[in-house]
1. What GluC sites (Glu not before Pro) does the range 276-329 have in DSSP loop regions with at most 13 other beta carbons within 10 Å?
2. Filter the trypsin sites (Lys or Arg not before Pro) in the range 218-321 to those in DSSP coil with at most 14 other Cβ atoms within 10 Å of their Cβ, and list the result.
3. Could you pull out the pairs from 79/654; 79/189; 109/648; 421/648; 294/494; 79/648 whose alpha carbons sit more than 25 Å apart here?
4. Specify which labelled value, from [x] 96, 39, 21; [y] 40, 29, 27; [z] 72, 39, 23, agrees with semi-axes √(5λ) of the Cα gyration tensor in Å derived from the coordinates of the model shown.
5. Between beta-carbons, use under 11 Å as the cut-off and find the net charge around residue 283, counting Lys and Arg +1, Asp and Glu -1.
6. Take the alpha carbon gyration tensor of the range 198-321, find the square roots of its eigenvalues, order them as a ≥ b ≥ c, and report rounded if a/c is under 1.5; if not, report prolate when a/b exceeds b/c, else oblate.
7. Could you give the dipole magnitude of the chain about its Cα centre, charging the beta-carbon of Lys and Arg +1 and that of Asp and Glu -1, in debye to the nearest 20?
8. Quick one: net charge around residue 494, please, counting Lys, Arg +1 and Asp, Glu -1 for every other residue with C-beta under 13 Å from its C-beta.
Amino acid sequence: VPSPHGARIDPYYWLRDDTRKDPEVLAYLEAENAYTHAALAPVSSLERTLRAEMTARVAQEDASAPVFENGWWYIRRWKPERQYPILVRKRGALDAPDEVILDANERAKDHAFFNFYGTTVSPDGRYLAWTEDTVGRSQLDLRVKDLVTGELLPDTVSNITPSLAWANDSRTLFYVGKDETTLRSRYVKRHLLRTPVSADVLVHDEADGAYYTSVGETKSRRYVQIAMRSTTSNEVRLVDADDPAAPPRVFLPREPRHEYALDHDGTRFVVRTNWEAQNFRLIEVADGADPADKRTWRDVVPHDPDALVGGFDVHEAFLAWNERRGGLQRVRVLPRGAALAESFTPEANDPTFVMSLHDTPDLGARTVRWSYASLTTPSTVFELDIASRRRVVVDETPVPGYDATRYTSEYVHATAPDGAKIPVSLVRAKGTKVDGTAPALVYGYGSYGYSQDAAFSQHVVSLLDRGWVYAIAHVRGGSEMGRAWYEQGRQQHKLNSFTDFIAASEHLVATRYAARDKVFAWGGSAGGLLMGAVLNMRPDLYRGVIATVPFVDVVTTMLDASIPLTTNEYDEWGNPADKAAYEYMLSYSPYDNVGAKPYPSLLVITGLWDSQVQYFEPAKWVARLRALRTDENLLLLETDMRAGHGGKAGRFDKVDQWARRYAFFLHVLERPDWRAARGQWP
């Protein structure tokens, strides 16, 4: 494999087939699948039991919280035994009859894989646009439906993203196309309904490979936004939504290390910015002012070194935003015209939880909406009247048979090798003793600044009911403790993510939440990198691990600019053209650090059509582990030949996936560990 620092020898590089048609490669993956199926055959009955338990906790019939937009209420409904939602709307009032606008089950019925994204209705309510994936590669197809006639328009574009935006004429649709090779969201085009797509106009082409592109509408519907985003900087360009053919104008030109996002409430722009504000702040720019002149900025929510300002929602009557403090996310609300001291946040009743603001489209709304969940509390959507402060429940996620009073959650802290305090959210059944005998499953991610919040998972209940403890390690690389938490877990500080996770696992043992020989772990995507790294660093700490779609061949991937995501992620991992970055990535890359030593049991899951972590990374990793490891514990590779990064999308397909994973964990717990049988462990 070519490298600016000397050629790399990769004996398993032959497993890379970008066409996904090579008979030898496909046969290899199918043979691994057959081996995995045979290895897990002894727990097929347990898997069926788990599937039945989890399915019983899925409400066969359910509906989302209704959302009001342009005179209509929009709702998603789920029907018994159906995998996908049915989108309906009601004109004017919630007691009006349903009008079905999209039945995703009908769209899916002829496909082995199906998912849909980005549903958006034109301002006049006549057209529904959305994108579909029938492969799993995230190369989506545009669909448009006339809601008056029921006609599916021939206006179809392929290899696009879910990002769509309407102009105010309800006939012009902006979409984002992908680079044919790297699949980077690269260019924006403007399409006029019922005209050939060959006539679509190129509005913006982002040549810088570090940036991804998206489109959206401002809340005021005055502008269509074209947003370019890299890991550490942004730029937004605005198109007059009443004049979609007008050229975009730059709101704020991109600058190194400046990230911003904006919305417009009819009289002003509200901007979330990290300019002179590591944890971000919210500022306003009046209509007519020059945003590039930072003297025109006025703080609405000043910078707070102890609170990270997240996503926000603008309305005529109020401003609301997500605020992360002490590792936990709350919602804060500021009525229009009130002083910041008059802002308020709803109460929380759990030691660890997550509140998430719902960005509702009605600019004139006088109510704020948010969801609340915890490790013991299923998601509940609340709505609060800004004037009266009266709060009502507008939606509760039903979990049949679940009794929250049987479980308890806690928020504890582990100490990392450098002294940092690592938050850990955990949950257990109240009957599970804290005496060092329980098995524990630890989850982690720790990349891109994505925080892993303590939300409810009905699948986890099947472990809790069997005496397990479930824990989330909020390691550096996420943003749980603020932006600095992210900075301390990326590029030349990436090792902190791994040592944090190890410290969290050790803490559970030291505080007797977990038995020393019953610690399990899982992570996916960049969390799969976390799994691979900690397996090489401390294989003795874990009994069993699952790594889903794991990013494990860090150096080879980052050396190849043709692989999706690579150029956009130099600011996350480093550019291996730089010798220091190359050596640092090489020091932790899971594939490069597999050693001749015993490992715990491992299940690796990937998708043939994954566009984010290519299937050959986990396939090569497993092959190298087979060649070098000195143990005979389970080492399994499962490749979904008809799916991509997220696996199957149907709600009962998801249940099948979790039943299989938990059957693996329970099987490993019951079978003898090869290391223990030889006195090598724990």
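Every number in this text was worked out from the coordinates using simple rules, so none of it is lab data. The structure presented is a predicted model; accordingly, all values stated were derived computationally and were not measured. When we count neighbours, we look across all protein chains shown, and the Cβ atoms used for this are built from the backbone with ideal geometry, even at glycine.
1. Numbers: sites: 276, 284, 316, 323; in loops: 276, 316.
Here the GluC sites (Glu not before Pro) that fit, given the DSSP loop and packing criteria, are 276.
2. Values: sites: 219, 221, 222, 229, 237, 249, 254, 257, 268, 272, 281, 294, 295, 298; in loops: 219, 221, 222, 254, 257.
Passing both the DSSP loop test and the Cβ count: 257.
3. Numbers: 79/654 16 Å; 79/189 36 Å; 109/648 14 Å; 421/648 37 Å; 294/494 34 Å; 79/648 19 Å.
Violating the 25 Å Cα-Cα cut-off are 79/189; 421/648; 294/494.
4. Among [x] 96, 39, 21; [y] 40, 29, 27; [z] 72, 39, 23, the one calculated here is [y].
5. Numbers: positive: 268, 272, 281, 294, 298; negative: 276, 284, 299.
Once all neighbours under 11 Å are counted, the net charge is +2.
6. On the way: a/c = 1.96, a/b = 1.33, b/c = 1.47.
It is oblate, given that a/c is not under 1.5 and a/b is not larger than b/c.
7. Magnitude of the dipole: close to 1300 debye.
8. Numbers: positive: 476, 490; negative: 487, 500, 569, 571, 572, 583.
Counting the neighbours of residue 494, the net charge comes to -4.
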